[in-house]
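So the structure is just underneath, and the comments pick up after that.
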Amino acid sequence: MPLRQRTRIARRLRRNATEAEKRIWWALRELPVEHRFRRQHPIGPYVVDFACPRRKLAIELDGGQHATREQQDVARTREIMRRGYRVIRFWNNEVMDNLSGVVETIMREAGK
């Protein structure tokens with residue numbers, strides 16, 4: 001996928017963020033600079049929800065539609081990992097119900 005098209009997709013996704021994405025973004029923005037995250041960040045042919053390039057950490061938020069797309073998610077995760085990133089996934093309801101626990105897990109993973 002050409003870079004321009006991925007950039008347009010990422011911008012559209014940022015504009016149309018889910019409530020869970022908005023909540024976690026506000027929390028991630030408060031983290032120390034060495035854990036600076038980007039949202040809707042292109043990695044290879046994919047655009048991940050959040051990424052910390054310095055720590056090679058990608059965060060994916062999954063809604064209900066992901067329950068039926070398990071094989072695609074596995075392939076996507078495998079490709080992102082092939083590019084040197086660790087991938088952690090959270091369900092949207094985890095973010096909505098336990099934001100502090102999600103951020104704590106992210107900080108622990110970012111410190112590795």
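Could you identify the single residue in Gln65, Gln71 that is among the polar types (S, T, N, Q), more than 18 Å from Gln40 (Cβ to Cβ) and either at pLDDT below 95 or assigned to a strand (DSSP E or B) (or both)?
Unique residue meeting the criteria: Gln71.
Of all the residues that make up segment 94-107, how many are in contact (Cβ under 8 Å) with a residue 12 or more places away in the chain and farther than 17 Å from Gln40 by Cβ?
So the answer is 6.
Only one of Val48, Val87 is touching a Leu at 6+ places or on another chain (Cβ under 9 Å), of a type in the set (Val, Ile, Thr) and under 23 Å from Asn16 (Cβ atoms). Can you tell me which?
Val87
Give the residues of segment 1-46 that are more than 13 Å from Ile106 (Cα to Cα), of a type in the set (A, V, I, L, M, F, W, C) and at pLDDT 90 or above, sorted by residue number.
Once the filter is applied, which keeps residues that are more than 13 Å from Ile106 (Cα to Cα), of a type in the set (A, V, I, L, M, F, W, C) and at pLDDT 90 or above, segment 1-46 yields Ala20, Trp26, Ile43.
Loosely packed, with under 15 Cβ neighbours inside 10 Å, assigned to a strand (DSSP E or B) and not small (Gly, Ala, Ser): which single residue out of Arg108, Arg89, Arg78 fits that description?
Result of the check over Arg108, Arg89, Arg78: Arg89.
Per-residue answers, yes or no, for (1) within 26 Å of Thr7 (Cα to Cα); (2) acidic (Asp, Glu):
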site: Ile43; (1), (2): yes, no
site: Arg55; (1), (2): yes, no
site: Val74; (1), (2): yes, no
site: Arg83; (1), (2): yes, no
site: Ile88; (1), (2): yes, no
site: Leu99; (1), (2): no, no
site: Glu104; (1), (2): no, yes
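Does segment 15-29 hold any residues that are surrounded by fewer than 16 Cβ atoms within 10 Å (Cβ to Cβ) and charged (D, E, K, R), and which are they?
Scanning segment 15-29 gives Arg15, Glu19, Lys22, Arg29.
How do the pairs read when you match residues in segment 26-42 that are on the phi > 0 side of the Ramachandran plot with residues anywhere that are among the β-branched types (Val, Ile, Thr) and assigned to a strand (DSSP E or B), using Cβ under 9 Å and keeping only pairs 6 or more apart or on different chains?
Gln40/Val47; Gln40/Val48
The values are calculated or read from the model by the stated rules, or taken from the named source; none is laboratory data. Only a predicted model underlies this, so the values are computations on that prediction, with no experimental measurement involved. Neighbour counts are summed over all protein chains in view; Cβ atoms, including those assigned to glycine, are modelled from backbone coordinates with ideal geometry.
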